[in-house]
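What follows is a short report on a single structure.
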Amino acid sequence: MRRVLRMMQETAVVRWMPWALVVFAIIYYASYAAVGLNLGGEGGTAGVVAMRLMDGQRPIADTFLGYNVLWFFPIAWIFEITGPNYLVIRWYFFGYCIVTGLIAYFVVFARTRNPWYSAIPALLVILIPGMLFRNYMPFLGMLNAFLLTRAFVVRRNSRRVTLLWMLTAGAGLGLTFLYRIDLGIFCTLIFLGQGVLYPLGVRGQFLRRTGLAVCGMLGGLCLAWLVHLPFWSDAKVRGYDREFLGQYTQWLDMVANEFHRELANFADNDASQEIAITPPAASSEATTKPPAGNTPPPTPSEATIAPPSGDTQAIEEGTGNAKSWEDRGALRRAPVSDILHGKKWEDISFAISTYLPILVSFAAILGAGIALLLALWRRDLEAKECWLYPLTVLGCALTLFPQFFFFRPDTPHLSEVMVPFLVAMALFAWECGSRAIRSKRSLSRWGWGGFAVLCLVTATIYASHALSKQSAGTIAVRKRASHSFVALNGVRVQVREREARFLAGLRDAVLDHSSPGEFLLCLPYSPTINFMTDRPSPLYNLYVDNSTASAEFMTDFLRLMTEKSPSVVVIDQRKINASEASRFRNWARQPYEWLQQNYVFIGRYDNNEVFARKDKVHGEIIPEEIEPPR
């Protein structure tokens, strides 16, 4: 009787655990869905580009996407129903967070059959969902992990069901490409590798499984293309089919060139790392703070000026001459020395979370890879599944790693990688922990148990770092957010007191000196200002900084100012790439001087300097200044 009751309880837990996770996630996200406003966040980009698509602009041809069409089309479709609304965008991405958490649960449960253990990584994924407005990235990593494990790893009695899962995995690849092409490339390689491994390690079924794998791979790739057909058809009808298809070869070239560049300069990068990450000397008060009165902020001294580097087209296509992204003035990686010599736990934990996953991944791939080869040699299907399952999830997690480690090595992008990586660590910890418990040899117990503990330590250190970071998409954004801020396009959020002051001043400065439909130029990257004031941007590409601006930036800037004549210009003077050279006034000295001479300085709000066209200014202007929030 007790056994029956226990089985009924376990069945109830299995049945209700996913629903409990959904309810928890909704309550958790609702508690901060209307909190915080990041002017440089990608929510503004999503909103602005979606509004452009609603107005009939063609993706890629008329407006730069940076990603693929499904990154923005769904938001435009939702806006057709709700109208442009900032909170709608937030809940749209929180929906991806909820689905990603559920997928994480099912991926772990499929292997462990333990609902309580499976809920732990799922809760971590929900609590730290990754940078808001980019939650496609961890979702795609988990989606492919889910589909690939079920298509090629999980054993089934029915060939028809297995083939159906392979085709579904192919459709998943098609969706992945339509969101983000580089992830599609990496996941396709895993898909093909799984197809090659599928016939191996099974006695007497090689030819049968080979035929099934070939059908699954070919059918899956065909289905991936079929998923593209509606979008390619739309591109052909609207005349941007060449740009739509051309981006695939450009991404392939960029991935290949960046890979070769990193290999060729690996030694040089390591040797110069300690020098490269040395923080710049602090600028003087005169170069960071505009003077009172009617005079615009001064131009900094020549000592702080850094010329723009690289060529925009070359960087987009991966054919630039610079040795590395750090050489181009991009954001630099944390030094390994921070692990031992970091001054704060924030720095130490971030450095550990940057480099320890590399070590753990290498050890997991090496150990599990050897175990997998032995399983294939012995034709041990159980052992093959045991190790191929977590390796597949780890592989899907690592598809997100390059964009963090080589392009934007910061907490927001780390949080995207760690969503599927936490799930992989949970699976390795389960497998290794189970073997440690069952092992009769002391050395084996210590080995298996030690690696399981290392996986758990990696996850714990990362969680301790990211939970307190609002940039990782967590509830930390609620801290001291007690004041309401309201703007256009559904912006109605709670922020800190000082933030409310400078946001209100910035909003009013833009609205007072421009009319609906007139251009608002925000440099280097503050698209949320365009969205919250309902003022269009004249930029084709909303993002520009010292690492991507071309040598002809001054010429391009003058042409844009002449042709578009924006009513208001907002310059964000923050260190966008964590270096003094990445402040706009330093890398774009000539455009900044031109702006000071030809526009009227209205005020400084946090790091944002507002300039208005002279005909938009009536009477004497006493520039307003609101200091950054602390």
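The values are calculated or read from the model by the stated rules, or taken from the named source; none is laboratory data. Predicted model only: the values in this text are computed from it and were never measured. Methodologically, a virtual Cβ is constructed for each residue, glycine included, from the backbone with ideal geometry; neighbour enumeration extends over all protein chains shown. Remember, those area values only see protein heavy atoms, side chains included, never the ligands or the DNA or RNA. Shrake-Rupley method; radii C 1.70, N 1.55, O 1.52, S 1.80 Å.
Can you name the condition, by its number, that Q57 falls short on among (1) polar (S, T, N, Q); (2) surrounded by fewer than 20 Cβ atoms within 10 Å (Cβ to Cβ); (3) touching a residue at least 24 places away in the same chain (Cβ under 8 Å)? Result: Q57 fails condition (3) only.
Here S468 fulfils each of the conditions (1) open to solvent by less than 60 Å² (accessible area, probe 1.4 Å); (2) more than 20 Å from W387 (Cα to Cα) apart from (1).
Taking the condition of being open to solvent by less than 10 Å² (accessible area, probe 1.4 Å) and under 21 Å from M131 (Cα atoms), how many residues in segment 77-87 meet it? Spell out the reasoning first.
Of segment 77-87, the ones open to solvent by less than 10 Å² (accessible area, probe 1.4 Å) are 79, 86.
Filter once more, keeping what is under 21 Å from M131 (Cα atoms): 86.
Selection size over segment 77-87: 1.
Scanning segment 60-71 for residues that are of a type in the set (F, W, Y) and open to solvent by 10 Å² or more (accessible area, probe 1.4 Å), we see that the one that is nearest to the chain's Cα centre (by Cα) is Y67. The residues on offer are G66, G44, and the sole one that is at positive phi and not polar (S, T, N, Q) is G66.
Residues that are of a type in the set (A, V, I, L, M, F, W, C) and surrounded by fewer than 20 Cβ atoms within 10 Å (Cβ to Cβ) within segment 351-365 comprise L356, I358, L359, F362, A363, I365, listed in sequence order.
For every residue, the table says whether it meets (1) in contact with a helix residue (DSSP H, G or I) (Cβ under 7 Å, 6 or more places away or on another chain); (2) of a type outside the set (A, V, I, L, M, F, W, C).
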{"residue": "T63", "(1), (2)": "yes, yes"}
{"residue": "W71", "(1), (2)": "yes, no"}
{"residue": "W77", "(1), (2)": "no, no"}
{"residue": "G83", "(1), (2)": "no, yes"}
{"residue": "I98", "(1), (2)": "yes, no"}
{"residue": "N114", "(1), (2)": "no, yes"}
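Annotation note: Cβ proximity below 9 Å between a residue of segment 242-257 that is charged (D, E, K, R) and a residue that is in a helix (DSSP H, G or I) (sequence gap 6+ or interchain) occurs for R242/A235; E243/A235; D253/E317. Scanning segment 539-565 for residues being closer than 15 Å to P524 by Cβ and touching a residue at least 12 places away in the same chain (Cβ under 8 Å) gives a total of 16. When the residues of segment 460-484 are filtered to those that are of a type in the set (A, V, I, L, M, F, W, C) and closer than 18 Å to P409 by Cα, the one that is farthest from the chain's Cα centre (by Cα) is I461. Is it true that some residue in segment 418-427 is among the aromatic types (F, W, Y) and crowded, with 18+ Cβ neighbours inside 10 Å? Looking for residues that are among the aromatic types (F, W, Y) and crowded, with 18+ Cβ neighbours inside 10 Å, one finds at least one in segment 418-427, hence yes. Against the conditions (1) among the polar types (S, T, N, Q); (2) within 23 Å of R332 (Cα to Cα); (3) open to solvent by 10 Å² or more (accessible area, probe 1.4 Å), N577 satisfies every one except (3).
Any residue in segment 196-203 that is open to solvent by less than 10 Å² (accessible area, probe 1.4 Å), in contact (Cβ under 8 Å) with a residue 12 or more places away in the chain and in a helix (DSSP H, G or I)? Looking for residues that are open to solvent by less than 10 Å² (accessible area, probe 1.4 Å), in contact (Cβ under 8 Å) with a residue 12 or more places away in the chain and in a helix (DSSP H, G or I), one finds none in segment 196-203, hence no.
Condition check ((1) more than 17 Å from T63 (Cα to Cα); (2) open to solvent by 20 Å² or more (accessible area, probe 1.4 Å); (3) among the hydroxyl-bearing types (S, T, Y)) across all residues:
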| site | (1), (2), (3) |
| --- | --- |
| V493 | yes, no, no |
| R496 | yes, yes, no |
| F502 | yes, no, no |
| D508 | yes, yes, no |
| L511 | yes, yes, no |
| F519 | no, yes, no |
| T528 | no, no, yes |
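Only one of the numbered conditions (1) open to solvent by 40 Å² or more (accessible area, probe 1.4 Å); (2) out of contact with any strand residue (DSSP E or B) (no Cβ under 9 Å at 6 or more places or on another chain) is violated by P74, and that is (1). Give me the residue from segment 88-118 that is among the small types (G, A, S) and open to solvent by less than 10 Å² (accessible area, probe 1.4 Å) and, out of that set, farthest from A50 (Cα to Cα). It comes out as S118. The one condition from (1) small (G, A, S); (2) under 30 Å from A351 (Cα atoms); (3) touching a Leu at 6+ places or on another chain (Cβ under 7 Å) that A549 does not meet is (3). Restricting L207, L226 to those that are surrounded by fewer than 18 Cβ atoms within 10 Å (Cβ to Cβ), at pLDDT 95 or above and more than 28 Å from V423 (Cα to Cα) reduces the list to L226. If only residues of segment 439-455 that are more than 17 Å from L366 (Cα to Cα), modelled with pLDDT under 90 and out of contact with any Phe, Trp or Tyr (no Cβ under 9 Å at 6 or more places or on another chain) are counted, the one that is least open to solvent (accessible area, probe 1.4 Å) is S442. Please determine, by comparing only the residues of segment 366-381 that are closer than 18 Å to W448 by Cβ and touching a residue at least 12 places away in the same chain (Cβ under 8 Å), which one is surrounded by the fewest Cβ atoms within 10 Å (Cβ to Cβ). Top of the filtered list is G369. Looking at the structure I just gave you, is T555 touching a helix residue (DSSP H, G or I) at 6+ places or on another chain (Cβ under 7 Å) and of a type outside the set (D, E)? No; evaluated as a whole, the condition is false for this residue. Restricting attention to segment 472-489, the residues that are more than 30 Å from L123 (Cβ to Cβ) and either out of contact with any Lys or Arg (no Cβ under 9 Å at 6 or more places or on another chain) or among the hydrophobic types (A, V, I, L, M, F, W, C) (or both) add up to 5. On the basis of being β-branched (V, I, T), open to solvent by 20 Å² or more (accessible area, probe 1.4 Å), in contact with a strand residue (DSSP E or B) (Cβ under 6 Å, 6 or more places away or on another chain) and farther than 24 Å from I602 by Cβ, does V477 make the cut? Taking the combined requirement at face value, the residue satisfies it. Contact annotation: residue pairs with Cβ atoms under 6 Å, 6 or more positions apart or on different chains, pairing a residue in segment 20-39 that is within 30 Å of R507 (Cα to Cα) with a partner that is in a loop (DSSP other than H, G, I, E, B), are V35/A481; L39/S526.
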